[in-house]
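In what follows, a structure is listed as structure tokens, so that the remarks can point back to it.
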Amino acid sequence: MRSLGLERYRRVVVLTGAGISVASGLPTFRGPGGLWERPGATIVNASTMQSDPGRVRSLFDEMRALALRAEPNAAHRALARAEESLAARGSTLTLLTQNVDGLHQRAGSQNVVELHGSLFRVRCSNPACSTEPVLLAASHSGVASACSSCGATMRPDIVLFDEPMAAKPEWDAKRSLRECDLFVAVGTSGTVSPASNFVRSAAYAGARTILVNLEPMSPAHPDFHEQILGRAEDVLPRLLESA
Ligand code: APR
């Protein structure tokens, strides 16, 4: 497999999903071993947050414990290196991630947009309260705390099904897509919107669009110009290699 020749691009956008963290020992959501496909597992959504907040918290506590034990892999590191080498040429790499595991930042990526939030933050559950999300200490016990401003219960700062994405990451993602000349999606089944439609905006902006995934997207998205089937940790270091 040949390098993409990253130096030819000025505004690179990479969208990542759970598949990029598999080599770090974290599960995907769909497919074999996927979190939503475990026996008895049901998806947690906005109404679970109302009816059974303890279940939502314990799911994310379990994921946080796994993420804390995990280390960034070769794919995370290749993206951090690519961002650095593009920046040295006055170009940018914006990393839009659906992942909540913090591994991109730990690998050294700086320009990361967390579309679905983070396992390492909590926010006030009161929609009318404007207090900023709070970072969780690594030793966090998973017990619900109260908002220092309004007293409502704090909840994981993670976007659940049937909940809108926060305004800032949505804005940052859209802005980067409008300008991008290369779009690469990695390790995502492409089933969850709005991220599943980002390739459409990128193609509309005139970008070259590439999917890197273990298996073909089903159904295929017509806006991907190229598809590279393989493991992100094998493919990305070669693809993003500088000339
Ligand atoms: N390299 C590349 N791709 C891989 C690898 C790997 N080593 N291992 C698995 N994959 C692929 C799978 O084939 C699958 O298509 O990664 C994809 C993961 O898909 P999902 O589990 O659906 O993950 P994602 O697309 O990130 O899910 C989107 O769904 O439940 C929500 O909020 C959750 O952010 C998540 C969203």
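The values are calculated or read from the model by the stated rules, or taken from the named source; none is laboratory data. All values derive from a computational prediction rather than experimental measurement. Cβ coordinates were reconstructed from backbone atoms using ideal geometry, including for glycine residues, and neighbour counts include every protein chain displayed. All accessible areas refer to the heavy atoms of the entire protein, side chains included, with ligands and DNA or RNA removed. Shrake-Rupley method; radii C 1.70, N 1.55, O 1.52, S 1.80 Å.
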* **Selection within the stretch 28-44 - within 8 Å of the ligand (Cβ to nearest atom), assigned to a loop (DSSP other than H, G, I, E, B) and at pLDDT 85 or above** => Thr28, Phe29, Arg30, Gly34
* To do: Can you work out which of the residues in the stretch 8-27 that are more than 9 Å from the ligand (Cβ to nearest atom) and β-branched (Val, Ile, Thr) is nearest to the chain's Cα centre (by Cα)?
  => Val14
* To do: Would you be able to tell me the number of residues in the stretch 57-77 that are surrounded by 16 or more Cβ atoms within 10 Å (Cβ to Cβ) and over 19 Å from the mean Cα position of the chain (by Cα)?
  => 1
* Consider Ala88 carefully, then state whether it is modelled with pLDDT of 95 or more, away from the ligand (no atom under 15 Å from the Cβ) and surrounded by fewer than 22 Cβ atoms within 10 Å (Cβ to Cβ). => yes
* Asked: Here is a list of conditions, (1) assigned to a helix (DSSP H, G or I); (2) touching a helix residue (DSSP H, G or I) at 6+ places or on another chain (Cβ under 6 Å); (3) away from the ligand (no atom under 14 Å from the Cβ), and Gly54 meets all of them except one; can you say which number that is?
  -> (2)
* Asked: Taking the condition of a type outside the set (Ser, Thr, Tyr), in the same structural domain as Val192 (by TED's automatic domain parsing) and either open to solvent by 50 Å² or more (accessible area, probe 1.4 Å) or more than 16 Å from the ligand (Cβ to nearest atom) (or both), does Gly5 pass?
  -> yes
* Asked: Among the helices (runs of 4 or more DSSP H) contained in the stretch 142-243, which hold 2 or more residues that are open to solvent by less than 20 Å² (accessible area, probe 1.4 Å) and within 13 Å of the ligand (Cβ to nearest atom)?
  -> 198-204, 232-239
* Structure fact -> Pairing a residue in the stretch 7-36 that is more than 16 Å from Ala70 (Cα to Cα) with any residue that is within 10 Å of the ligand (Cβ to nearest atom) and among the basic types (Lys, Arg), where Cβ atoms lie under 9 Å and the two sit 6 or more apart in sequence or on different chains, gives Trp36/Arg30
